[in-house]
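Here the structure is laid out as structure tokens; the discussion comes afterwards.
None of the figures in this text is laboratory data; all of them are computed from the coordinates on show. Here the structure is a predicted model, which means the values were calculated and not measured. Positions of Cβ are backbone-derived with ideal geometry, glycine not excepted, and every protein chain shown enters the neighbour counts.
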Amino acid sequence: MKKLLFAGFCLLAMAACRQDKPKADLEAAQQRDSLTQVIAQKDTEINDLMSTVNEIEEGFREINEAENRLSLAKQGEGSNREQRIRENMQFIQSAMKQNRELIAKLQRQLREGSIKGEQLQRTIDNLTKQMEEKDQQLQQLREELDAKDIHIMDLDEKIANLNTNVSTLTAEGQQKTNTINSQDKQIHSAWYVFGTKDELKEQRILDGGEVLRANFNRDYFTKIDIRVTKEIKLYSRSAKMLTSHPASSYTLQRDANKQYVLRITNPQVFWSTSKYLVILVK
């Protein structure tokens, strides 16, 4: 009889394992799919960034070739000399305008995309520096042509307008960047406080048995970036959460001194119910 019971338990255990395995396989497959999507998105962003960088570098190459042609035209003679100078100047100006727009596009891609990195920022800074150097070279070239009474009057207004537009775009871009950074900080900001019952009552954080009623002292809270702060030491052997946060998103454990430490394992879920955290300690 005992052997039959034992065999029955074994069969039930094997059946449970067979049921758990498909579930585990499904979860693993979902995780792989999610990871694959993230990688694909990153690859697309990297390809777009590199494509823009390549276009900018190609633009600089074409500008350099046009400068060489212009240099030969300046030294040459003939009735079409000024025409060749004019055509190459117009090409250089057009190519520089396109490169400015591409550099602005690259800055937007870096600002708005998920790909971040100092190396990419250095690349953009180097391209911007090259653009500034080309501007200086072009200005020197125009001064040389003016000295030789080779005037390109129809380009004067275009260059002035272009420089104004670039300055305006740069200022607007910086303003947008500051706004985005400010909004980003606000979105990822949260506030926490821990204290004894008397301390929380004194700041009206705990009032009449209720938490965070109107007119509580917000200055008593500590502001954090939820992407950075994921552990809060409470320095107490007694701790109780007074605000509501999903239990699956954090752990409340003792350290070596038997004092509680709050560890936030899933910040997005933890702060989804409230951006304020209140913990009662003794």
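Quick notes on this structure:
- Mean Cβ count within 10 Å, highest first, over the residues of peptides 90-100, 195-205, 128-138: 90-100, 195-205, 128-138
- The relative contact order of region 202-282, computed from alpha carbon pairs under 8 Å that lie at least 6 residues apart in sequence, is 30 percent.
- Between GLN130 and SER71, the FRET efficiency estimated from the beta carbon spacing at R0 = 22 angstrom works out to 0.70.
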